[in-house]
Structure formats: structure tokens, C-alpha cells
Amino acid sequence: MIEVRNVTRRFDGVVALADASFEVRPGEIVALLGPNGAGKTTASRIIGGILAPSEGDVLVDGISVRVDPNGVRARCGFVTDQPSLYDRMPLLEYLAFFARLYDVSSPDHRAVELAKLLGLDDVLAKRLGAFSRGMRQKVAIARALVHDPPVLLLDEPATALDPEMAQTLRSFIVSLRARHRAILLTTHDLDEAQRIADRVVVLYKGRVIRIGATSEIRAGGKPSYLLAFAGEASAARDALSRIGIEAQPAASEDGLAALRFATDDPRRTNGAALRALLDAGIEVVTLAAEERSLEDAYLAILAEARQ
């Protein structure tokens, strides 16, 4: 549905995006991650037909952004973190206006349909200037969906939303995936990305440095293990250090001490760790594998890129 093919974008000689390639398939949510200035927003705007690539091309639903940018824009819905709305217009009039711009049949009916979908049908006559931050974001999503596009580009859609509203937005985005839309989510909220993204694309200094399924990205690196035990943490660290395991303090519950360590060979290391602790008179309660968060994986990827 979205094919980014070796796209480069320059601004006055400065390279904002360099030979970037990735795809978003129908019925898939892809999170576009990277630090500020990595090229995320530039990539989204090129995909949406707002910016032209300096080199390369993007195909959206089979249409080239170079050949037919208007055709690409007609197939995309774009939601930003700070949507600009026509504050003096009532919601019904606003959504119907955009429906007419896209030549949607029965624009008033489409406006009411979207308002109901987003839980805004009780404020159709209310002016947008009186809407809360969360309501305005819902309006922006409704506007993006007014022409029923196959592609949705979300640039920090949950910024400044309260936790309840952010959860509602996440659920709605997932429901759109189920309707076979291709969704590109640009976000700094790694917890949000971990919850809903099928795959991850990491940008750094305009270049794609990692692509993979969210689960694969999280599984990369050395497996990490958490030990919970009764006893002194310093004594346990010393016992592990003597057999070459460097462990770090970790948070635990139920009044237990805890240590964390990583290993490439858990079959050998974990057994040796348990024997060393038992020999030192330390009562081990649990030894469990830790699943790395997307945040930890992302930070490790950036650290590797900076070396």
C-alpha cells in the first residue's frame, strides 16, 4: 500500500532523508521512530504528497507521488499533533465542508456517520473553538477519514492527550487496521508504539537503520534475566562476580532483593548463577527471563548507530 523507494530529500543542501526505503502493507500499523531531526516528519509529508522527494519515489496504492501527487493525496488521511481547525464552524458544517472538497456523495450523512464513529454525535451543532484538546484530535481524525482513504498517516496523534483519551485513540487506530488500512504512526511514545505497531522503522540522521517486526526488535540483543532472592544484594553480586557474571541491582517486590544480568548462553550461565548463589547461602526465590521493552531496544539501536 505504501512503498518508499530510495527516497532522498534535501533542503538547501541539507539532507533530511537519505536513500530511505520501507513499506507499509494493508492491514498493518508501522511505527516510524527516531530522535528529533531524524527525518520522520519529512518522510510522512513525502508519503502524503505534501513534499516532493529530491530523489527516489513513493508509491501509495500503486500511484507515484512524483507522477500524480494529487492522486496520492486523495488516498491519504493525515493527522498531526496540533491540528488546525476552523474554530467558528460547527462540527457538522466543518466535516461536511471537507466531504464536499473530496466529492463525497451525501456529505452531511458522511459527517454524521464519522461523528458517531468517534463519539461526537452529541456535539454536531457545537462550534469547534469550544472543543477540548481531545475532542479536537477526534475531529482531526474524522477529517482525515472523511473520504475513506486506504492510507492513514498519524504524526504524534496522542500528544497532550490524557491517559483515558490516549487509550481510546489507540483502540480506534487498531480498529482502522482491522478495516485493511495501511497506517504509518510517527511517534516518540514508545509505549504506544509497543502496544499497537506490527512493525518498526527506525530513522537516524535521515537514514533507515533498522526495520523489523516489533517483537523481533524487542528480542534483539542479549537475553536478560531477573533474580529475586532473600539476602544481601552485595553478597549475591559478589558471588556472581566470582564466576564472571556482572549483575546490576533491580527493582523487586515482596521485600525481596533483586539483580539483573544479561547472557548469550543462558543454559550455562543460569545454572552456574544458581549454584553460586546457593553455595553462598543465598535463598533464590525466582529466576525469570525479562522481555526487553521497545524503549530499551530503541535506545540500544541508537547507541549502536552513534558509535
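Scanning the range 110-161 for residues that are among the basic types (Lys, Arg) and touching a Pro at 6+ places or on another chain (Cβ under 9 Å), which turns out modelled with the lowest pLDDT?
If we take residues in the range 110-161 being among the basic types (Lys, Arg) and touching a Pro at 6+ places or on another chain (Cβ under 9 Å), then Arg136 is modelled with the lowest pLDDT.
If I filter the range 102-114 for residues that are closer than 26 Å to Ala31 by Cα and touching a helix residue (DSSP H, G or I) at 6+ places or on another chain (Cβ under 7 Å), do I get at least one hit?
yes
Would you check if Ile183 is buried (at least 21 other Cβ atoms within 10 Å of the Cβ) and at pLDDT 95 or above?
yes
From the list Arg218, Arg143, which residue is surrounded by 17 or more Cβ atoms within 10 Å (Cβ to Cβ), in contact with a Ser or Thr (Cβ under 8 Å, 6 or more places away or on another chain), in contact (Cβ under 8 Å) with a residue 24 or more places away in the chain and not β-branched (Val, Ile, Thr)?
The conditions single out Arg218.
Counting only residues that are under 32 Å from the mean Cα position of the chain (by Cα) and touching a residue at least 12 places away in the same chain (Cβ under 8 Å), which one in the range 229-252 is farthest from Val14 (Cα to Cα)?
Filtering the range 229-252 for residues that are under 32 Å from the mean Cα position of the chain (by Cα) and touching a residue at least 12 places away in the same chain (Cβ under 8 Å), the one farthest from Val14 (Cα to Cα) comes out as Ser252.
Somewhere in the range 116-127, is a residue in contact with a Gly (Cβ under 6 Å, 6 or more places away or on another chain) and either buried (at least 16 other Cβ atoms within 10 Å of the Cβ) or of a type in the set (S, T, N, Q) (or both)?
There is no residue in the range 116-127 that is in contact with a Gly (Cβ under 6 Å, 6 or more places away or on another chain) and either buried (at least 16 other Cβ atoms within 10 Å of the Cβ) or of a type in the set (S, T, N, Q) (or both).
Give Ala276, Ala272, Ala257, Ala297 a once-over and let me know the one that is in the same structural domain as Ala233 (by TED's automatic domain parsing), among the aliphatic types (A, V, I, L, M) and in contact with a Lys or Arg (Cβ under 8 Å, 6 or more places away or on another chain).
Just a single option satisfies the conditions, and that option is Ala276.
The values are calculated or read from the model by the stated rules, or taken from the named source; none is laboratory data. Computed from a predicted model, the values in this text were never measured in an experiment. No Cβ is skipped: glycine too gets one built from the backbone with ideal geometry, and neighbour counts run over all protein chains shown.
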